[in-house]
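**Q** The following block contains the structure, expressed as structure tokens.
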Amino acid sequence: MLFDAAAHYDFAAIDKKYEGLRLQVNATNVFDRRDAVCSSGFCYHDQGRAVIGSLKYSW
């Protein structure tokens, strides 16, 4: 079983002058499990862990 996670923070919680600013972090395959996947006679390993962060401003 693969485990994914996501977290975000809205900077408006600090001060209203930061309203619209948001930080987000997404992680896939958190425990870096690498199972073999076979289909139509071809086998390959699942994608490893990936972590992506973003900083977004909306006005």
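The values are calculated or read from the model by the stated rules, or taken from the named source; none is laboratory data. Computed from a predicted structure; not experimentally measured. For neighbour counting, all protein chains shown are included, and Cβ atoms are generated from backbone atoms with ideal geometry for every residue, glycine included.
**Q** Which of the residues that make up segment 21-48 are closer than 23 Å to W59 by Cα and either among the basic types (K, R) or at pLDDT below 95 (or both)?
**A** Scanning segment 21-48 gives a single hit, R22.
**Q** Working only within segment 14-31, note down all residues that are out of contact with any helix residue (DSSP H, G or I) (no Cβ under 8 Å at 6 or more places or on another chain) and part of a strand (DSSP E or B).
**A** Q24, V25, N26, A27, T28 - these are the residues of segment 14-31 that are out of contact with any helix residue (DSSP H, G or I) (no Cβ under 8 Å at 6 or more places or on another chain) and part of a strand (DSSP E or B).
**Q** Could you please find all residues in segment 32-59 being in a loop (DSSP other than H, G, I, E, B), surrounded by 10 or more Cβ atoms within 10 Å (Cβ to Cβ) and either in contact with a Pro (Cβ under 8 Å, 6 or more places away or on another chain) or not acidic (D, E) (or both)?
**A** Hits for segment 32-59 are R33, R34, Q47, G48, R49.
**Q** OK, next. Suppose we filter A13, A27, A7 for residues that are in contact (Cβ under 8 Å) with a residue 12 or more places away in the chain and exposed (fewer than 12 other Cβ atoms within 10 Å of the Cβ); which single one remains?
**A** A7
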